[in-house]
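Comments concern the structure below.
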Amino acid sequence: MSRKRLAADKRVTRYLRDNTSADPLTIRRFATKVVVLKNGCWKWTGATNARPTKAPRGLFWIGARFQTAYRWAWEALNGPVPDGLELDHYRYPDDGCIGPLCANPQHVEPVTHRENVLRGSGPTAQNARKTACAAGHPFDRVGTKGGRYCSICKRVRDRARRRPGRLTPDSPQENP
């Protein structure tokens with residue numbers, strides 16, 4: 001069985017060669033694992049850490065360990081990621097970026113963990129974007145632990161707690 005040698009994408013090779021001080025062989029190895037898409041993404045075709053519950057990320061063997069492909073490309077151009085920050089695909093999915101499989105360093109930026117989470121689509125980000133409670137009242141108070149709530153629903157819950165057996169607006173009505 002013969003191994004077909006992949007041709008390095010010349011645009012990626014030229015861009016990295018002209019803008020970094022990385023080893024030319026490393027650049028060529030990296031570029032053979034990238035396909036440039038019409039939207040500007042550098043689709044990673046090499047190894048991934050494919051997991052069923054999370055989006056797979058491209059992995060690039062550098063030194064004696066794997067590193068995410070987009071991180072290697074970003075660090076090759078900009079130096080190490082500043083302490084306390086992590087790289088976020090800020091163009092994903094708004095501009096059609098393919099996200100973690102995109103290795104284009106222009107599609108990521110260093111942000112705090114909090115900002116990265118809030119930009120995402122997980123439950124923390126979804127709840128942070130909410131402006132009203134389940135009953136439709138605006139959140140107008142902040143609790144001692146930082147949670148938001150609406151004072152109308154809190155007042156109803158507190159009254160129901162103080163007077164057991166009293167019906168609340170949320171409880172089912174009894175038929176006479």
Legend entry - Pairwise FRET efficiency - Asn39 versus Leu118, Cβ, R0 = 25 Å, nearest 0.05: 0.55
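Does region 60-110 come out rounded, prolate or oblate, given a ≥ b ≥ c as the square roots of the eigenvalues of its C-alpha gyration tensor, rounded meaning a/c under 1.5 and, failing that, prolate meaning a/b above b/c?
oblate
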Legend entry - Of Ala128, Gly40, Trp61, farthest towards positive along the dipole that unit charges on Lys, Arg, Asp, Glu beta carbons give the chain: Ala128
Inset, instruction - Take each of the peptides 138-148, 100-110, average the number of other beta-carbon atoms within 10 Å over its residues, and list them starting from the highest. - result: 100-110, 138-148
Legend entry - Highest average packing first - 40-48, 18-26, Cβ atoms within 10 Å: 40-48, 18-26
Inset, instruction - Once you have a ≥ b ≥ c as the square roots of the Cα gyration tensor eigenvalues for region 78-152, tell me rounded if a/c is under 1.5, and otherwise prolate or oblate according to whether a/b is larger than b/c. - result: oblate
Legend entry - the chain - mean residue ellipticity at 222 nm from DSSP helices (-39,500 (n - 2.57) per run, n ≥ 4, rounded to 500): -8500 deg cm²/dmol
Legend entry - Potential lengthening between Ala64 and Arg11 on full extension [0.36 nm per residue; Cα-Cα distance subtracted]: 16.4 nm
Inset, instruction - Work out the length of the dipole vector of the chain about its Cα centre, built from +1 on the beta-carbon of each Lys and Arg and -1 on the beta-carbon of each Asp and Glu, and round it to the nearest 20 debye. - result: 500
Inset, instruction - Please work out whether region 4-93 counts as rounded, prolate or oblate from its C-alpha gyration tensor, where a ≥ b ≥ c are the square roots of the eigenvalues and a/c under 1.5 means rounded, while otherwise a/b larger than b/c means prolate and anything else oblate? - result: rounded
Legend entry - Per-residue Cβ neighbour rank within 10 angstrom, fewest leading, Leu118, Leu59: Leu118, Leu59
Legend entry - Cα-derived Rg over Rh, computed across the chain with Rh taken as Kirkwood radius: 1.24
Inset, instruction - Return Tyr90, Tyr15, Tyr70 ranked ascending by Cβ neighbour count within 10 Å, so the fewest neighbours appear first. - result: Tyr90, Tyr15, Tyr70
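What is the sum of charges around Leu87, taking Lys and Arg as +1, Asp and Glu as -1, for the other residues whose C-beta is under 10 Å from the C-beta of Leu87?
With Lys, Arg at +1 and Asp, Glu at -1, the net is -3.
No lab work stands behind these numbers, since they all come straight from the coordinates. Note that the coordinates shown come from a computational prediction; the quantities given were computed from them, not determined experimentally. Glycine gets a Cβ as well: all are built from the backbone with ideal geometry, and neighbour counts include every protein chain shown.
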